[in-house]
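Below is one structure. I have some questions about it.
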Amino acid sequence: MLDGTRVAGAIRAELAPRVTEFLAARGRRPALHIVLVGDDPASQIYVRNKERAGTDAGLLVTVHRLPASAPLEDVLATVRRLNADSACDGILVQAPLPKTIGKQGTEQVFDAIDPAKDVDGFHPHNVGLLVQGRAALKPCTPSGVIELLDREGQSLAGKYAVVIGRSEIVGKPMALLLLQRDATVTICHSKTPDLEATCARADILVAAIGRPGFVTPAFVKPGAVVIDVGINRVDSRDQAVALFGANHPRLVGFDTRGSMVVGDVHPAVVDVAGAMTPVPGGVGPLTIAMLLKNTLVAAEGRPRT
Ligand code: GUN
């Protein structure tokens with residue numbers, strides 16, 4: 001098992017002296033501003049985790065809460081105010097935005113963020129730099145996966161990597177970062193024919209689909225490195241038993257809480273893979289560590305005021 005919690009702890013430990021140095025040099029802490037629109041329960045939890053991790057790391061974290069009914073103009077106004085605030089180093093608008101904002105509205109909001117404060121690395125300017133291999137602010141989840149592979153001693157050059165999922169947040173940037181590190185990369189998605197056979201050729205398989213236990217042992221070449229980006233809540237006990245078997249220790253957790261969080265990779269893959277990330281405790285902690293790192297990178301790069 002690749003220990004994301006341990007690696008995330010190592011990254012955070014490296015950030016600590018930089019936070020201290022920034023505070024000494026600028027007389028203020030690096031400041032992360034999170035914009036949370038609406039009351040999506042998963043987003044509430046993600047934002048709370050980011051807030052806690054940031055505060056623990058010595059950052060100043062401010063959460064700006066807007067109601068689900070907030071018009072697009074209010075969300076844009078919040079972003080513009082933060083762009084203009086010289087004491088704001090990083091801006092994160094938690095996705096997804098409410099349905100009323102829509103896909104186009106969401107694009108407008110993310111495009112409005114000052115690229116220098118774009119700690120998610122989602123702005124077209126930063127995506128362009130990422131394509132060219134020279135981005136300073138890279139999307140947190142895929143850059144966390146690269147850090148995890150590096151620090152767990154997994155080489156990438158010359159490997160065949162398959163990414164399942166083509167989202168702007170994970171799949172596409174993941175493929176670009178693997179390519180940058182000299183892997184040969186295939187991106188698969190819902191329209192890919194013979195998905196199983198393609199995945200079964202991968203030395204490194206990254207699952208970012210959003211379907212619990214989708215990647216079964218048939219998708220995995222023996223000895224492959226399997227990275228599970230999925231965070232799926234399962235609240236059917238039958239589904240939990242189907243995934244884990246009736247006697248698995250994780251069923252105890254299910255029975256205590258009435259639900260459980262599982263990845264996109266089926267638990268039986270552990271018998272086939274050479275190394276894999278657990279869920280929880282794999283990629284998730286890395287995403288947050290890289291958010292802290294991006295905030296510091298953005299803060300250090302800002303002009304002194
Ligand atoms: N929602 C799910 N993942 C993310 C992420 O990495 N950043 C933002 N802003 N929203 C998300």
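The values are calculated or read from the model by the stated rules, or taken from the named source; none is laboratory data. Since we're looking at a predicted model, the values are computed, not measured. Counting neighbours? That spans all protein chains shown, and the Cβs are built from the backbone with ideal geometry, glycine included. Quick note on the areas: whole protein, heavy atoms, side chains included, nothing else; ligands and nucleic acids left out. Shrake-Rupley method; radii C 1.70, N 1.55, O 1.52, S 1.80 Å.
Out of the residues in segment 128-151 meeting the condition of being in contact (Cβ under 8 Å) with a residue 24 or more places away in the chain and touching a Pro at 6+ places or on another chain (Cβ under 9 Å), tell me which one is most open to solvent (accessible area, probe 1.4 Å).
Restricting attention to segment 128-151, the residues satisfying the condition of being in contact (Cβ under 8 Å) with a residue 24 or more places away in the chain are 130-131, 133, 136-149, 151.
Of the ones still in play, those that are also touching a Pro at 6+ places or on another chain (Cβ under 9 Å) are 130, 137-139, 141-144.
Numbers: Leu130: 12, Leu137: 11, Lys138: 72, Pro139: 4, Thr141: 20, Pro142: 0, Ser143: 10, Gly144: 0 Å².
Top of the filtered list is Lys138.
Could you tell me how many of the residues in segment 217-251 are in a strand (DSSP E or B) and surrounded by 15 or more Cβ atoms within 10 Å (Cβ to Cβ)? Break it down stepwise before answering.
Within segment 217-251, the first condition is being in a strand (DSSP E or B), and the residues that meet it are 225-228, 232-234.
Narrowing further to those that are surrounded by 15 or more Cβ atoms within 10 Å (Cβ to Cβ): 225-228, 232, 234.
So the answer is 6.
Considering only residues that are within 16 Å of the ligand (Cβ to nearest atom) and free of Cβ contacts under 8 Å to residues at least 40 places away in the same chain, look in segment 152-173 and name the one that is most open to solvent (accessible area, probe 1.4 Å).
Arg166
Do you know which of the residues in segment 182-216 that are open to solvent by 50 Å² or more (accessible area, probe 1.4 Å) and part of a strand (DSSP E or B) is farthest from Ser155 (Cα to Cα)? Don't jump to the end; show me each part of the working.
Here is the first cut: in segment 182-216, the ones open to solvent by 50 Å² or more (accessible area, probe 1.4 Å) are 182, 184, 187, 189-191, 193-194, 196, 201, 209, 211, 214.
After this cut, where a residue has to be part of a strand (DSSP E or B) as well, the list is 184, 187.
Numbers: Thr184: 13, Ile187: 19 Å.
If we take residues in segment 182-216 being open to solvent by 50 Å² or more (accessible area, probe 1.4 Å) and part of a strand (DSSP E or B), then Ile187 is farthest from Ser155 (Cα to Cα).
From the list Leu66, Leu97, Leu82, exactly one residue is more than 12 Å from the ligand (Cβ to nearest atom), touching a residue at least 24 places away in the same chain (Cβ under 8 Å) and surrounded by 19 or more Cβ atoms within 10 Å (Cβ to Cβ). Which is it?
Numbers: Leu66 fails: surrounded by 19 or more Cβ atoms within 10 Å (Cβ to Cβ); Leu97 fails: more than 12 Å from the ligand (Cβ to nearest atom).
None of the other options fit; the residue is Leu82.
Could you give me the residue pairs with C-beta distances under 6 Å whose first residue belongs to segment 212-227 and is over 18 Å from Val145 (Cβ atoms), whose second residue is part of a helix (DSSP H, G or I) and among the acidic types (Asp, Glu) wherever it lies, and which are 6+ apart or on separate chains?
Ala218/Glu196
Right, here's the next one. How many residues are under 24 Å from Asp150 (Cβ atoms), open to solvent by less than 60 Å² (accessible area, probe 1.4 Å) and either in a helix (DSSP H, G or I) or within 13 Å of the ligand (Cβ to nearest atom) (or both) if we restrict to segment 1-29?
Here the count works out to 9.
Name the single residue that is nearest to the ligand (Cβ to nearest atom) among those in segment 103-127 being in a helix (DSSP H, G or I), under 29 Å from Asp228 (Cβ atoms) and open to solvent by 30 Å² or more (accessible area, probe 1.4 Å).
That would be Thr106.
If you don't mind, there's one more thing I want to ask. I'd like the full set of residues that are within 15 Å of the ligand (Cβ to nearest atom) and open to solvent by 20 Å² or more (accessible area, probe 1.4 Å), limited to segment 252-279.
Val261, Val279
If you don't mind, another one. In a strand (DSSP E or B) and either out of contact with any Pro (no Cβ under 9 Å at 6 or more places or on another chain) or open to solvent by 50 Å² or more (accessible area, probe 1.4 Å) (or both), is that true of Leu32?
On the way: in a strand (DSSP E or B): yes; either out of contact with any Pro (no Cβ under 9 Å at 6 or more places or on another chain) or open to solvent by 50 Å² or more (accessible area, probe 1.4 Å) (or both): yes.
The answer is yes for Leu32.
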